[in-house]
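This report concerns only the one structure given below.
The values are calculated or read from the model by the stated rules, or taken from the named source; none is laboratory data. Note that the structure is a prediction, hence the values are computed from the model and not measured. Neighbour counts are summed over all protein chains in view; Cβ atoms, including those assigned to glycine, are modelled from backbone coordinates with ideal geometry. To get the accessible areas, we keep the full protein, side chains included, count just its heavy atoms, and leave off ligands, DNA and RNA. Shrake-Rupley method; radii C 1.70, N 1.55, O 1.52, S 1.80 Å.
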Amino acid sequence: MRNWRTHIELIAAILSGVLIIIAYILETQSIELWSVITYLAAFLIGGYAKAKYGIRKTIENRKPNVELLMVLAAIGASLIGYWTEGAILIFIFSLSGALETYTMNKSRKEVSALMQIQPEEAWLLKDGDTTRVSVSSLQPGDRLVVKPGERIPADGRLLIGHTVVDESAISGESVPVSKDKEDELFASTVNMSGAITMEMTKPNSETLVQKIIDLVQSAHSEKPPSQQFVERFEGRYVNIALIVFILLLFLPHYLIGWDWNTTIYRAILFLVVASPCALVASIMPATLAAISNGAKSGIIFKGGVHLQNLGEIRAIAFDKTGTITRGRPEVTDFSLRKDIDNDRLMAIISGIEMQSNHPLAKAITEFIQAKGIEPLRNLQITDVPGNGLKSVIDGEEILIGKPDFVNLHDAEEFQGGVLNRWADEGKTVTFVRDSKGIAAAISLKDTVREDAKATIENLQKAGIYCIMLTGDNKKTAKAIAEESGMDAYIGSCMPGDKVEELKKLLTEHQYVAMIGDGINDAPALAIATTGIAMGEGTDVALETADVILMKNDLTRIAYSIRMARKMQRIIKQNIVFSVSVIIVLLILNFMQSITIPIGVVGHEGSTILVILNGLRMLNRNI
């Protein structure tokens, strides 16, 4: 039943077309009365929706519109005896309207799919018992049990168990993601393996999937500037067209000498061919199709205006941590003193570092444990803020931390000067000192994403200037910029500095995008022409940005720019084509070289063509 209602406009258009054929056959058989009745039925069935919309909008806005022009043209044609022509006009007009509705429905398909996959019930764990409850009754802090094959009911974190989760509904990524304790879980994703216990961390209104739904719905309702201009133009144009129509009903008869039948016929044909239906349909179907394409590809646009702006981008500023790099430091080098028991020292280092929450300490612990070395347990440590960690083991003091903390001179001399070599490569160096001096040097680096270099290359080929803005020191910034292939970099950038650099870029390039994921990136995201946030970024960055990359996939940046530019090309093609068709038909009308059927096919056919051209934006091979 729901599917039948979805296609009601198309059904009405097809039924109207069938009735026109029957009426035409009756007319050729000289059955005039039944022919006229059948034509009237075709008028009512095919034109009801458009006539109702046109009259209602005319009353609401107190100005005529395109729909009203078409209705007047069809009525005028029938009044002077051209029933077939008027009916064909209604048929093609209703068919183009059905096609436009199809475009709208197609672009909202992803939102509907997301709404349908949202779970309605969950297993609430309380006092050791599980109870089936409504998801709407859940609150942050509630503990939930999710069984294999079930959809995760809320955003939260994994407390007990290990599983694999299908996150394709929100990220578009088909490969399931492994989840362990403390990992983040998202509502509406599918728990594929083991039963797990999770803690809800966000209310239902703030889940990631709900944010996606809200953003896409908002994007559908927000019209780009070009569409707003066309709609303003449409109102003035229709008024002018009606005035010209009234003049054409009389002036050609007196000024050119046309007979009354020709004068009225050409005036009505003017209404048909002068209507800007194709022009009005040149922009929004293509924009909605592009937004739909983006949603399927893990790119959320907050409105058509941002798509248009993205197509104009000439420079992109990248944040480093979490954008160009993974945002998680990894051990790249581990150099030990020759006279030392490697396994024992690594066990000591791991035992000390595992008691710290610092990202560098976690990276070192993970690196050592991956080698199968068990950490020494129950060590007493002292945290020296800003420097490192200290512990006493079997009467021997062990220091782990910055070069200054362990003696800068000794650190610089260790292993022939690895400190300076690694620092020049943009790495952070941590040292370990025992009673005999420097025992080990460990270098860590926030590694560049695998797709970063290819993305930068593709953007540069598209004529886009790429610059990295980071709060890291200049050595680190230089190393990452060179590795990723940036055109330029600026290190030691505070949030305010990023804003100033964005202003300079805007002055030089006019259209500039900013890509980031942190709270410190929010001011720069706001000032950029287009702010782009990584999907795993902070809530502030996601709220501030105009475009969100749900999969944290940098290749989506180049894809979204190609899509935006293709959309612009299609819109320009549509506008030039629709205006050209109107001009040619108007000239042919005044030359008395076309008839109403040809005018109808030319005008309404152009409308259908621009809508179909816009639908090409649904193709993901861009």
> When the accessible area of segment 433-531 is split by element with a 1.4 Å probe, what percent falls to carbon and sulfur?
Replying inline: 48 percent
> Relative to the longest principal Cα axis of the chain, at what angle does helix 225-248 sit, 0 to 90 degrees, rounded to 10?
Replying inline: 10 degrees
> How high is the relative contact order of segment 473-622, in percent, counting Cα pairs under 8 Å that sit 6 or more residues apart?
Replying inline: 13 percent
> Of the heavy-atom accessible surface of segment 560-622 (probe 1.4 angstrom), what whole percent is carbon and sulfur?
Replying inline: 70 percent
> So, with +1 on the Cβ of K and R and -1 on the Cβ of D and E, and no other charges, what is the size of the charge dipole of the chain about its Cα centre, to the nearest 20 debye?
Replying inline: 2120 debye
> Rank Asp521, Asp166 by accessible area, highest first, at a 1.4 Å probe radius?
Replying inline: Asp166, Asp521
> Summing Lys, Arg as +1 and Asp, Glu as -1, what charge do residues with Cβ under 11 Å from the Cβ of Lys126 carry, Lys126 excluded?
Replying inline: -2
> What full-extension length gain, to one decimal in nm, is calculated for Ala462 and Phe250 as 0.36 nm per residue of separation minus the Cα-Cα distance?
Replying inline: 70.7 nm
> Sorted by accessible area (1.4 Å probe), largest first, how do Trp83, Trp422 line up?
Replying inline: Trp83, Trp422
>> What number does segment 472-622 give for Rg over Rh if you use C-alpha atoms and the Kirkwood radius?
In response: 1.22
>> Given the whole protein assembly as supplied and a 1.4 Å probe, what does the accessible area of Asp259 come to in Å², nearest 10?
In response: 80 Å²
> In what sequence, largest accessible area first, do Met494, Met468 appear using a 1.4 Å probe?
Replying inline: Met494, Met468
>> Between Arg56 and Asn342, what is 0.36 nm times their sequence separation minus the Cα-Cα distance? Round to one decimal in nm.
In response: 94.7 nm
> Roughly what % of DSSP beta bridges within the chain run antiparallel, to the nearest 5?
Replying inline: 75 percent
> Among 182-190, 140-148, how do they line up from the highest to the lowest mean number of other beta-carbon atoms within 10 Å?
Replying inline: 182-190, 140-148
>> Give me log10 I(q)/I(0) at q = 0.09, 0.12 Å⁻¹ for the chain, Debye formula, one equal scatterer per alpha-carbon, no solvent.
In response: -0.87, -1.22
> What is the calculated FRET efficiency for Ser30 to Arg616, with r their C-beta to C-beta distance and R₀ = 35 Å, to the nearest 0.05?
Replying inline: 0.15
>> Below 8 Å, C-alpha to C-alpha, sequence gap of six or more: please give me the relative contact order for segment 359-512 in percent.
In response: 13 percent
>> For the chain, take the longest principal axis of its alpha carbons; what is the angle in degrees between that and the long axis of helix 260-274, to the nearest 10 within 0 to 90?
In response: 0 degrees
>> Can you give me the accessible area per residue for the chain, using a 1.4 Å probe, in Å²?
In response: 46 Å²
> Using Cα pairs under 8 angstrom and six or more residues apart, how large is the relative contact order of the chain, in percent?
Replying inline: 14 percent
> Quick one: which of Lys402/Lys551; Lys362/Lys474; Lys296/Lys478; Lys63/Lys566; Lys147/Lys371; Lys498/Lys572 span more than 31 angstrom between C-alpha atoms?
Replying inline: Lys402/Lys551; Lys296/Lys478; Lys63/Lys566; Lys147/Lys371; Lys498/Lys572
>> Run the simple label-point estimate for Glu413 and Val164 please: 7 Å along Cα→C-beta, distance reported in nm.
In response: 5.4 nm
> If R0 is 30 Å, what FRET efficiency do you get for Asn420 and Glu450 from their C-beta distance, rounded to 0.05?
Replying inline: 0.60
> How big is segment 235-358 in terms of Cα radius of gyration and Dmax, in angstroms?
Replying inline: 35.6, 113
> Roughly what would the spin-label model give for Ile22 and Asn261, points 7 Å off Cα along C-beta, in nm?
Replying inline: 3.0 nm
> Roughly how many Å is it from the Cα centre of segment 33-78 to that of segment 390-455, as a whole number?
Replying inline: 80 Å
> Using the alpha-carbon atoms, what tilt in degrees (0 to 90, nearest 10) does helix 208-221 show relative to the longest principal axis of the chain?
Replying inline: 30 degrees
> What accessible area, in Å² to the nearest ten, does a 1.4 Å probe give for Met192?
Replying inline: 100 Å²
> Taking a spot 7 Å from the Cα of Val392 along the direction of its beta carbon, which residues of segment 340-356 have an amide N less than 20 Å from it?
Replying inline: 348-349, 351-353, 355
>> Please compute the length gained on full extension between Asp383 and Thr130, using 0.36 nm multiplied by the number of residues separating them and subtracting their Cα-Cα distance.
In response: 86.9 nm
> For segment 281-389, what % of the accessible area comes from carbon and sulfur atoms, probe 1.4 Å?
Replying inline: 45 percent
> What FRET efficiency, computed as 1/(1 + (r/R0)^6) with R0 = 41 Å and r the Cβ-Cβ distance, is obtained for Ile80 and Lys572, rounded to the nearest 0.05?
Replying inline: 0.60
>> Are there any trypsin sites (Lys or Arg not before Pro) in segment 330-380 that are in a DSSP loop and have at most 16 other Cβ atoms within 10 Å? List them by number.
In response: Lys338, Lys371, Arg377
>> At 222 nm, what value in deg cm²/dmol follows for the chain if DSSP H runs of at least 4 each add -39500 (n - 2.57) and the sum is divided by all its residues, to the nearest 500?
In response: -17000 deg cm²/dmol
